[in-house]
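S.K.: Let me give you the structure first, and then I'll get to my questions.
Values in this text are rule-based calculations from the coordinates and carry no lab data. The structure displayed is predicted, hence computed values, not measured ones. Here the Cβ is made from the backbone with ideal geometry for all residues, glycine too, and neighbour counts use every protein chain on show.
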Protein chains: 4
Amino acid sequence: MHEPPHGSAPHATTAPGPLTAAGTTEWVLTVSCPDGPGIVAAVTGALAARGDNITESQQFGDPASGLFFMRVQVETTATREELVTALTPAFDSFGMTWELDVVGRRVRTLVLVSRAAHCLVDLLYRERSQGMPIDVVGVVGNHEDLRDIAEFYGKPFHHVPVTKDTKAAAEARLRELVDELDVELVVLARYMQILSDELCRDLAGKVINIHHSFLPSFKGARPYAQAHDRGVKLIGATSHYVTGDLDEGPIIEQDVERVDHSRAVADLVSIGEDVERRTLARAVRWHAEHRVLLDGHRTVVFR
Amino acid sequence: MHEPPHGSAPHATTAPGPLTAAGTTEWVLTVSCPDGPGIVAAVTGALAARGDNITESQQFGDPASGLFFMRVQVETTATREELVTALTPAFDSFGMTWELDVVGRRVRTLVLVSRAAHCLVDLLYRERSQGMPIDVVGVVGNHEDLRDIAEFYGKPFHHVPVTKDTKAAAEARLRELVDELDVELVVLARYMQILSDELCRDLAGKVINIHHSFLPSFKGARPYAQAHDRGVKLIGATSHYVTGDLDEGPIIEQDVERVDHSRAVADLVSIGEDVERRTLARAVRWHAEHRVLLDGHRTVVFR
Amino acid sequence: MHEPPHGSAPHATTAPGPLTAAGTTEWVLTVSCPDGPGIVAAVTGALAARGDNITESQQFGDPASGLFFMRVQVETTATREELVTALTPAFDSFGMTWELDVVGRRVRTLVLVSRAAHCLVDLLYRERSQGMPIDVVGVVGNHEDLRDIAEFYGKPFHHVPVTKDTKAAAEARLRELVDELDVELVVLARYMQILSDELCRDLAGKVINIHHSFLPSFKGARPYAQAHDRGVKLIGATSHYVTGDLDEGPIIEQDVERVDHSRAVADLVSIGEDVERRTLARAVRWHAEHRVLLDGHRTVVFR
Amino acid sequence: MHEPPHGSAPHATTAPGPLTAAGTTEWVLTVSCPDGPGIVAAVTGALAARGDNITESQQFGDPASGLFFMRVQVETTATREELVTALTPAFDSFGMTWELDVVGRRVRTLVLVSRAAHCLVDLLYRERSQGMPIDVVGVVGNHEDLRDIAEFYGKPFHHVPVTKDTKAAAEARLRELVDELDVELVVLARYMQILSDELCRDLAGKVINIHHSFLPSFKGARPYAQAHDRGVKLIGATSHYVTGDLDEGPIIEQDVERVDHSRAVADLVSIGEDVERRTLARAVRWHAEHRVLLDGHRTVVFR
């Protein structure tokens, strides 16, 4: 797994991000810490003392958890080191957890698929044409079906079949790929295999799944069949971080589409594809733009 | 309970409905029967033989249940008796369950409330100003809070308090009111008491509830607190027929509203009011317009 | 231009459509005629007399235009000829305009593009994976940019550049392609050229465009810049039949997405892509499924 | 017209707002000024120096206008005077336009109506039951129709009829009421009269209208008839500040509802009522919560 941007920042030097005014770079800083007076002032004061310009800023204090969350975009001539130095007093005095990255740096992403193409096609299209800040460094399929799509977009396709007997070996291969490819984010794009608890734990906060129902309705298998049987009038999709607790991870985004009595299960599957791909795309984009922060088993999303 | 329009039709003679062309009345016919060839032709042929004009017509055959559903609006100079006579061969040869009513006849409705006003205010407003075809013949509250609103709209308010000890007596009083007031439809407009299994059974298909979640998510008590805890990104409401199986009755309508991490439980309650009242209003309107047909534990809604 | 299914039906014999029960085919019939009593009975009676089974049926009488519209899907062992024979008395006695096609037959479609990929990618994906009943027989671009996408999906790409001087020649080439490829539907998938009045007239009802605004707001050029300047809170897209009257053709479908003050024009363009592609996809699907009927300068859409 | 909260603050002393921690009050500060480095730090630094706790904060820099906007909620033991003193250096050095008010203080509001009840009913209900921070100090009708609703909610109803001859006198009466009742906000709740240019100018930024179309589509009279004729698939509503330029004022909020070909103009009017009332309610709430700032002819809405 790639060393996270927090602490050292190889990406920042190799991929300098959007140049704005002459010689300046735009950075995104996310912090969380116990809530209390003076946090915003400490962070923005440190930046103002340097003469840096804040272009976007959002905060949230959660009364339930007692935690404070903040996301700041700042235009500066400073190096990463200089920024960290300027901010360290604030980081230290409030006990902040923080991340600092260059705005628009493309997050190294591994996409896992099975046979359904819609989410993969959508993500690759958005990377190529819509400026989604991800760099899909590989596609893993437990079937061969989507090799041609991956390769059309110039992405290496790795066939890692999974059977009951090969599950452990398959997961070991996944771990190898994550390491070799310096992967920062794993996207389960309708990947129909369940990751082991251990892998979920090791990649906590770095794996995003799309579940084809409006969670917590219709957990588990065949959610559209469940939805049809219950006679719901809207079907939905949920994108969430993966934890060992199946379909229970922190929700990043949800959306729905209206259906009526005339729709068979196969229609729900087809209609659902559109909801799934746009819900997953939003979640991946927001994660890659450092807009999603964890607040216990909930998320803060600074859209 | 009011004698349903099926069989005899006192309403048809006392409330002759919208007069359209000189001397004609517009009727709504709903039928269901086992699916097969010739159903639409039999019904529409009988009407065409009389020279009557179909103004609206919808059908649905459910492959799962093998049942066929149809709703027809027809403009005619015929009396109810003449219409039934013309249609009886079709009714008989296909084993149809049917209802025949005058379009726009206001359905005699009893609204049950507790303390929350939003659904009651909305229904009474829609009856008075928006042409919703209901005639609210009384409001029952287990608290006194909403008496003034009911009375402003000229509706008798019945205070029927419910405690553990008086529950049976309260329900007996409800039954009396349903009988005395010739009630055709009971609406639970955020009524915070659970009806007994027996009452649910006796009023099957005639009681509509609004549940303040997107069912089947968050059944039972305090759904907004559950939704907040789970960190969902959309909250919803579900209007359904009441059965003995709590929050499991056939769904008529659902809707949702977007929320984010910054919303406390109290905000969800407030935002939810808007979703609840519009979801309930649609369900009640469609029921009163004979647009909702039961297909097992699912509904067919001809919107 | 391909001979329309109305009159003779080469497609019916070459592409026999979904076989259902042994030896039966499912057909879709659309009719329009002046409104009056007996239309539904005449059509459904003719089918019932043959013992054919209606699986889907919708009607609409427009009080404004005095026209009646109907769409019927019917399962039958009849040939096209036998069906037409059975229905001809109804067609004749009500002066019906009608079309008869096999359900699911893929409509021969030519897609015109410029540089923006999102609509083309989406249509080709939906043809390949989502069962949209179109057969894209060619892609025309006035730029070369999208050749690779077309060819990945196995579609011949025709580069037909357009300048002020070559406009007439380019349009002649378009007409040739429409003829040679037996094209039934032309889709302008963000094609940034305006067709001549004459071509619009010749292909009336057979050309679908996607306009990147919520018409009639922001007609003409740069609608997202106009929308940004006006400070709207929702942006939209409109799919419509093309007429000589720019951006004024009959609307098939519209949709919107919420935006806020923080969005620059470039953001609106990017957000708009999602609205455009789903709006266009619905319009093309409904057209290809014979769900869209013209009612003067408005459309009837039997969804 | 009531003296705006900016400058002096009678409301702050008479209506002390939500008490939070012992002896503290929550204030809302809005500022706008030319964009540049150090603005957030200056404001939050001044509050942090006092030990005050920021509970909500949003910023936006508009590259188009070069202006910066900020909204801060802060919990403090300070008086208004002490707060202003602490912030004055920031106000002065950045040339800020600012307002300071107590969170939740109810804004003195005059509602103008004609015959349609839906918006008035909704606003009065939300004031009474939903905590919308307005104090409706009077209702003005150019017809008597809505007197009973106003009086049910305990609101004085002023009948100010308007004819061509009495228009000037009617407007003079409006101005009197605005003065006498110390009105801060005027809401045109489907008021079917046009205010004079002069009155619009004098009350600039203090009058909110609901227009029954998705502006800029269908300006002027009978927008639903226009929408029906154009065959749109979504109808909408727009809430905006009133300026002398009819239907051209800065947009605060917009929403839409799906319709189809089967809807007559009267149906659009009825469906539109729901869109209108919720669009207007959001605009009024956001204004009353000081979430709407003017950015030229556009608005910044900190939701």
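S.K.: With every atom except the alpha carbons ignored, what do you get for Rg and Dmax of the range B:38-114, in angstroms?
M.R.: 14.9, 52
S.K.: If the label for A:Gly244 sits 7 angstrom from Cα along the Cα-to-Cβ line, what are its distances to the same label in every other copy, in nm to one decimal, shortest first?
M.R.: With the label placed 7 Å along Cα→Cβ, A:Gly244 yields 4.3, 7.1, 7.3 nm.
S.K.: Calculate for chain C the 222 nm mean residue ellipticity that helices alone would give, adding -39,500 (n - 2.57) per DSSP H run of length 4 or more and normalising by residue count, nearest 500 deg cm²/dmol. Write down the numbers at each step before the final one.
M.R.: Numbers: 9 runs with 102 residues, N = 303.
Rounded to the nearest 500, the figure is -10500 deg cm²/dmol.
S.K.: Inside 10 Å of the C-beta atoms of B:34-42, what's the mean count of C-beta atoms belonging to other chains?
M.R.: That average works out to 6.
S.K.: Nearest 20 debye, what's the magnitude of the dipole of chain B about its Cα centre given +1 on Lys and Arg Cβ and -1 on Asp and Glu Cβ?
M.R.: Its charge dipole is roughly 640 debye.
S.K.: Further question on the same structure: Does anyone have the angle between helix C:118-129 and the longest principal axis of chain C? Alpha-carbon axes, 0 to 90°, nearest 10?
M.R.: 40
S.K.: Can you list the copy-to-copy distances for C:Gly296, using a point 7 angstrom from Cα toward Cβ, in nanometres, shortest first?
M.R.: Those separations, rounded to one decimal, come out as 4.0, 4.5, 6.0 nm.
S.K.: Please get the size of the charge dipole for the range A:200-301, origin at its Cα centre, with Cβ charges of +1 on Lys and Arg and -1 on Asp and Glu, quoted in debye to the nearest 20.
M.R.: Taking the Cα centre of the range A:200-301 as origin, the dipole is about 80 debye.
S.K.: What is the distance, in nm, between label points placed 7 Å from the Cα along the Cα-to-Cβ direction at D:Arg258 and at C:Val265?
M.R.: 3.2
S.K.: OK, next. How large is Rg over Rh for the protein assembly as shown, taking Rg from the Cα atoms and Rh as the Kirkwood inverse mean of 1/r across Cα pairs?
M.R.: Details: Rg = 31.6 Å, Rh = 32.9 Å.
So for the protein assembly as shown, dividing Rg by the Kirkwood Rh gives 0.96.
S.K.: Please list, or write none, the aspartates and glutamates whose alpha carbon is within less than 12 Å of the alpha carbon of B:Lys219, excluding same-chain residues fewer than 8 places away.
M.R.: Qualifying aspartates and glutamates at Cα under 12 Å: B:Asp245, B:Asp247, B:Glu248.
S.K.: For the modelled label position 7 Å from the Cα of A:His143 along Cα-to-Cβ, which residues of the range A:154-181 have backbone nitrogen atoms closer than 15 Å?
M.R.: A:159-163
S.K.: DSSP loop trypsin sites (Lys or Arg not before Pro) in the range D:65-124 with at most 16 other Cβ atoms within 10 Å of their Cβ, which ones? Don't skip to the answer; put the middle values down first.
M.R.: Numbers: sites: D:Arg71, D:Arg80, D:Arg105, D:Arg106, D:Arg108, D:Arg115; in loops: D:Arg105, D:Arg106, D:Arg115.
The qualifying sites are D:Arg115.
S.K.: Using alpha carbons only, how many angstrom separate the centre of the range B:69-98 from the centre of the range A:136-181?
M.R.: The range B:69-98 and the range A:136-181 have Cα centres spaced 62 Å from each other.
S.K.: Point me to the residue of chain A whose C-beta lies closest to the A-onto-C rotation axis, rounding the distance to whole angstrom.
M.R.: A:Phe152, 2
S.K.: Here's another thing I want to ask about it. Of D:Cys200, D:Ser217, D:Val84, which is farthest on the positive side of the dipole of chain D, counting Cα position, with +1 on Lys and Arg Cβ, -1 on Asp and Glu Cβ, and the Cα centre as origin?
M.R.: Farthest towards the positive pole: D:Ser217.
S.K.: Note the angle between two axes, namely the Cα long axis of helix B:167-180 and the longest principal axis of the Cα atoms of chain B, as a number of degrees from 0 to 90, rounded to the nearest 10.
M.R.: Between the helix axis and the principal axis of chain B, the angle is about 30 degrees.
S.K.: Another question, if that's okay. Relative contact order (percent) for chain D, with alpha-carbon contacts under 8 angstrom and 6 or more residues of separation?
M.R.: Relative contact order comes out at 16 percent.
S.K.: Tell me, D:Glu99, A:Glu184 in order of fewest to most beta-carbon neighbours within 10 Å?
M.R.: D:Glu99, A:Glu184
S.K.: May I pose another question? Based only on other Cβ atoms within 10 Å, what is the fewest-to-most ordering of A:His261, B:His287? Intermediate values should be presented prior to the final figure.
M.R.: Numbers: A:His261 18, B:His287 26.
Going from sparsest to densest Cβ surroundings: A:His261, B:His287.
S.K.: Here's a follow-up. Please give the FRET efficiency for D:Met192 paired with C:Ser129, using the beta carbon to beta carbon distance and R0 = 56 Å, rounded to the nearest 0.05.
M.R.: On the way: r = 52 Å, r/R0 = 0.93.
For R0 = 56 Å, the calculated efficiency reads 0.60.
S.K.: May I ask you to report, in nm to one decimal and beginning with the shortest, the distances from B:Ala170 to the same position in the other copies, taking label points 7 Å along Cα-to-Cβ?
M.R.: Inter-copy label distances (nm, one decimal, shortest first): 5.0, 5.5, 7.4.
S.K.: Pop a pseudo-label 7 angstrom from the Cα along the beta-carbon direction at both A:Glu56 and D:Arg230 and give the gap in nm to one decimal.
M.R.: Roughly 3.2 nm, to one decimal.
S.K.: Turning to a different aspect of this structure: Distance between the C-alpha centers of the range D:215-281 and the range A:241-303? Whole Å please.
M.R.: A separation of 31 Å, based on Cα centres.
S.K.: In what sequence do A:Val137, B:Val74 fall when counting other Cβ within 10 Å, fewest first?
M.R.: By the 10 Å Cβ count, ascending, the order reads A:Val137, B:Val74.
S.K.: So in chain B, what percent of DSSP beta bridges are antiparallel if you round to the nearest 5?
M.R.: Of the beta bridges lying entirely in chain B, close to 70 percent run antiparallel.
S.K.: Taking only the alpha-carbon atoms of the range C:107-301, what semi-axes of the equivalent ellipsoid follow from 5 times the gyration tensor eigenvalues under a square root, in whole Å, largest first?
M.R.: One finds semi-axes of 25, 18, 18 Å for the range C:107-301.
S.K.: May I pose another question? Note down the magnitude of the dipole of the range D:122-243 about its Cα centre, charges +1 on Lys and Arg C-beta and -1 on Asp and Glu C-beta and zero elsewhere, to the nearest 20 debye.
M.R.: Roughly 680 debye, rounded to the nearest 20.
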